[in-house]
Amino acid sequence: MKDFRGMEITFRKCILDDVHTLRDFSYRTYNETFLHMNKPSNMKAYLEESFNIDKMRDELLNTQLSQDES
């Protein structure tokens, strides 16, 4: 996983090419925020399901398609 400390962050709309960076950032920030409230095994299972790269790719594609239709 990437180390984001010391990096300048710029927010913009994600595109499909960003899916790995989005996944790494989302996985890490969610884990750092909520790990203390969960069992490590439960957290690992949730993170792997929720931040699955294929699932995130599909969500980005669906978002881009619905924006194109508007």
- How large is the helix-only mean residue ellipticity at 222 nm for the chain, computed as the sum of -39500 (n - 2.57) over DSSP H runs with n ≥ 4, divided by its residue count, in deg cm²/dmol to the nearest 500? -20500 deg cm²/dmol
- Would you look at the GNM of the chain, springs on alpha carbons closer than 10 Å, and say which of Phe51, Phe34, Phe11 moves the most? Phe11
- With every protein chain left in place, what is the accessible area of Arg28 in Å² (1.4 Å probe, nearest 10)? 60 Å²
- Accessible area per residue, Å², the chain with all protein chains present, probe 1.4 Å: 81 Å²
- Once phi for every residue in region 18-27 is put through the Karplus expression 6.51 cos²θ - 1.76 cosθ + 1.60 (θ = phi - 60°), the whole-Hz ³J(HN,Hα) values, with Gly and Pro written as x, are 8, 4, 6, 5, 4, 4, 4, 5, 5, 4
- In the chain, carbon and sulfur make up what percent of the accessible area (probe 1.4 Å)? 53 percent
- Query: Taking only Cα atoms, what is the 0 to 90° angle, nearest 10, from helix 53-69's long axis to the longest principal axis of the chain?
  - Reply: 30 degrees
- For Asp17, what charge total do you get from the other residues with a beta carbon under 13 Å from its beta carbon, if Lys and Arg give +1 and Asp and Glu give -1? +3
- For the chain the mean separation of alpha carbon contacts under 8 Å (6+ apart) over residue count, i.e. relative contact order in percent, is 42 percent
- Note on the structure: Shape call for the chain, from the Cα gyration tensor axes a ≥ b ≥ c (a/c under 1.5 means rounded, otherwise prolate when a/b beats b/c, else oblate), comes out oblate
- When the charge dipole of the chain is computed with +1 at the Cβ of Lys and Arg and -1 at the Cβ of Asp and Glu, the Cα pointing farthest to the positive end, of Leu60, Asn38, Ile15, is that of Asn38
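The values are calculated or read from the model by the stated rules, or taken from the named source; none is laboratory data. The model shown is predicted, which means the values in this text are computed figures rather than measured ones. Cβ sites come from the backbone with ideal geometry, for glycine too, and all protein chains shown count toward neighbours. The protein model used for the area step is the full one, side chains on, heavy atoms only, and it has no ligands, DNA or RNA in it. Shrake-Rupley method; radii C 1.70, N 1.55, O 1.52, S 1.80 Å.
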